[in-house]
Amino acid sequence: MKQFWTVFKFEFMSFMKNKSFVISTLIIALCASLLLIVPGLISSFLGSDNNKKKDETPTAYYMISNDGLKGSDEALKAVFKASYPDYKMVEKNFDKNAIKKLIQKGDVDFALDITGPTEYTYYVDNVEMYDDNTQVLDEVMKQFAQSSAMVQAGLSQKDIQGILSTKVDHKTVMFGENQVQNYFYTYVMIMGLYMVIIFLGQMVANTVATEKSTRAMELLITSVKPQYMMFGKVLAACLAGFLELFVIFGSSLLSWNITKGGWKDNKIINMIFDMPNYLFVYMLLFFVLGFMLYAFLFAAAASCVSRQEDLSSVSTPVTLIYVFGFLITIVGISSGNVDTTIMKVCSMIPFTSPMAMFARISMSTVPVIEIAASIGILIVSTIIIGIGAAKIYRAGVTLYGNAPSIKKIIGLLKKQA
Amino acid sequence: MILEVRDLRKSFGTKEVLKGITFSAESGEALGLLGRNGAGKTTTIRIILDVFKGNSGEILIDGKPINYDEITYGYLPEERGLYPKKKIIDQLVYFAELKGMSGKNARKAADQWLERLEMSEYRNKKPQELSKGNQQKIQLISAVIHDPDVLILDEPFSGLDPVNALMLQKVVQEEITKGKIVLFSSHQMNYIEEFCNNIIVMRDGEVSVGGRIDDIKDSYPKDRLVIRSMDSDKILEEYGDTASKQADGSIFISIPSEEQRFAMMAEITQKYSIDSISVWRPSLLDIFVEYAGDDEAKGETK
């Protein structure tokens, strides 16, 4: 056991002394923080974009080009103004070309051309993600058309108001997860898992290949039990990866907290940081297990080559399996349905479950038994793969020359067993 | 303590690399492992070190199967086995800790060894910044730092300048005197002669000859004289077919039988002015060529 700690300490310190690892972590953390701090700071110092425009209220033009509506246009105008309290609604006759220039210049935010009782044209530069002007206007026009019709049918103004002001109350009782909200942090977490596992997995593979090519492995293997070597190495990398995630997400969270005020209008950012704690625990669990599983595979692959240059040929298959799992998960969460058969199957297969099961837990309601089964399978396979990797590592000492075939590796494993 | 290797066999695939190796080595003595490239020396060493197992055969310490948890090893591999990009002190301490030393003792021992081999200035450097000879010194430190019971040195002096070689020789000599079992593999015969009382010569996975170097030398027939003389031309003329001039200027004369060697030496010294005359003894190189070479090479020397 002492040997395990010796290896663990040495390998962990190697990560801490590895300049590219430390610098890349710090750069990512810095970028993430800057991305969160800078816009936030700008908004809190100068006021957000909306506040800035409030000083000079954004302008919108409208015109009523339908003669049939002329009679009721005063009422219509009042409704318009009431519907867009943030805007200075200016009635102006405009032609399409002139308004295009004004809108593109930014003098006018949008323009409305009411072409009929239930028809209008909306002119705008870019339709932004949260642009709800058409929805508002649809509603306004609809109400207006309805009330006109009711007036014509002889209803009194009071009745009409009573009818139109009918309110529908609704409550949402959520049994599962809010998929829209969860989508964003699931995405961020899966991306984080993906990057760290690929990055550090390759680093583990590199250290093994270095040991092999410099023949330090011969010295190591005569001094340490290969299981200690393998688990020490991989757990050290796992801790380093965890630390990396911690630094990146931690600094992001801190930056977000500092500039929270500036972000209050940005739903996506807030959704990401509004992750429930239990999910964080799952994230950690799947990170550790998934990381170890893949790090073992990478290490085993690397012990089969004798030169650093051959490393990619053996680590590519491992990467491919991993990318496959990643793509399935991303497709799953993007489609909004994470409970498809393929996702269910993938959340049980140890190679894909760290991402697939995590995505399902986060975006849907997964029966406890399934979660337990998935984690159980993952733990058992990680241990088996770890022991297998240690054997391959040891057997790898005798493998010099060309990269061996799978058959040869299996043969070696059998011999070791 | 006696290390015995008995009837060790090993195959890689269909190729039989070791075909029954047997030898023993005692504390306080160095055993030289000789053989051409591919004779099976490194495989034997690796099996002794438990890098992998032999197909059959035994490795015994004092008659009992070796217990790898009890016996400590120092190993200096033929090819460098250092991390090229890690600080020297860090990796020396790491290897020593893996061999069971405490961190504190490992650091102390590493510093002492660095000092002794005049390497202190390289303490915080990386092996890739060091010359080949200096890397070899570090490699030797990592083999002896934890004071092992068995020391296995595979080509320890290759790539060293004479001053460094002398420094390392002292270390190795000291380890032998301390009573360690030292296995020594080298192609540099002078080092083997210097350190080893016993050798085994391996050929194609078999021990072709083994034992004390003196005994092996004595086993050769004493039927040849080596002469250095100003009168070499006259000698060559008189002894005709039985005499031959060697590249280094000396003359070999074959004697019909061993018993006549002293009489013949007396005769020649009387007749000619002789600088030196002796009965031919094989050098280690001669033994090596005869026992390690393939059959063709053997034919040529005889």
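Listing for the model above:
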item	result
Subset tally (residues that are in a strand (DSSP E or B) and in contact with a strand residue (DSSP E or B) (Cβ under 8 Å, 6 or more places away or on another chain)) for region B:56-69	7
Residue that is more than 21 Å from A:Ser65 (Cβ to Cβ), of a type in the set (A, V, I, L, M) and in contact (Cβ under 8 Å) with a residue 12 or more places away in the chain, where the choices are A:Ile99, A:Ile114, A:Ile160, A:Ile103	A:Ile160
Residue within region B:119-127 that is crowded, with 16+ Cβ neighbours inside 10 Å, away from every other protein chain (no Cβ under 14 Å) and in contact with a Lys or Arg (Cβ under 8 Å, 6 or more places away or on another chain) present	yes
Condition met for B:Ser142 (on the phi < 0 side of the Ramachandran plot, hydroxyl-bearing (Ser, Thr, Tyr), under 29 Å from the mean Cα position of the chain (by Cα) and within 14 Å of another protein chain (Cβ to nearest Cβ))	yes
In region B:90-107, residue farthest from the other protein chains (Cβ to nearest Cβ) [restricted to those that are of a type outside the set (Gly, Ala, Ser) and in contact with a helix residue (DSSP H, G or I) (Cβ under 6 Å, 6 or more places away or on another chain)]	B:Arg107
Options A:Thr365, A:Thr329, A:Thr316, A:Thr341; residue that is hydroxyl-bearing (Ser, Thr, Tyr), surrounded by fewer than 19 Cβ atoms within 10 Å (Cβ to Cβ) and under 18 Å from A:Tyr183 (Cα atoms)	A:Thr365
Considering residues of region B:70-89 that are assigned to a strand (DSSP E or B) and facing chain A (nearest Cβ under 7 Å) only, the residue surrounded by the fewest Cβ atoms within 10 Å (Cβ to Cβ)	B:Tyr73
Per-region count, region B:90-111, residues part of a helix (DSSP H, G or I) and more than 23 Å from B:Ser158 (Cα to Cα)	14
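Conditions (1) over 25 Å from B:Gly20 (Cα atoms); (2) assigned to a loop (DSSP other than H, G, I, E, B), marked per residue:
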site: B:Val171; (1), (2): yes, no
site: B:Glu174; (1), (2): yes, no
site: B:His187; (1), (2): no, yes
site: B:Glu194; (1), (2): yes, no
site: B:Asn198; (1), (2): no, no
site: B:Val209; (1), (2): no, no
site: B:Lys222; (1), (2): yes, yes
site: B:Ile227; (1), (2): yes, no
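Here, each number is a calculation from the coordinates, and none is a lab measurement. Please read these numbers as outputs of a predicted model, since none were measured by experiment. Don't worry about glycine lacking a Cβ; one is built from the backbone with ideal geometry, like all the others, and counts go over all protein chains shown.
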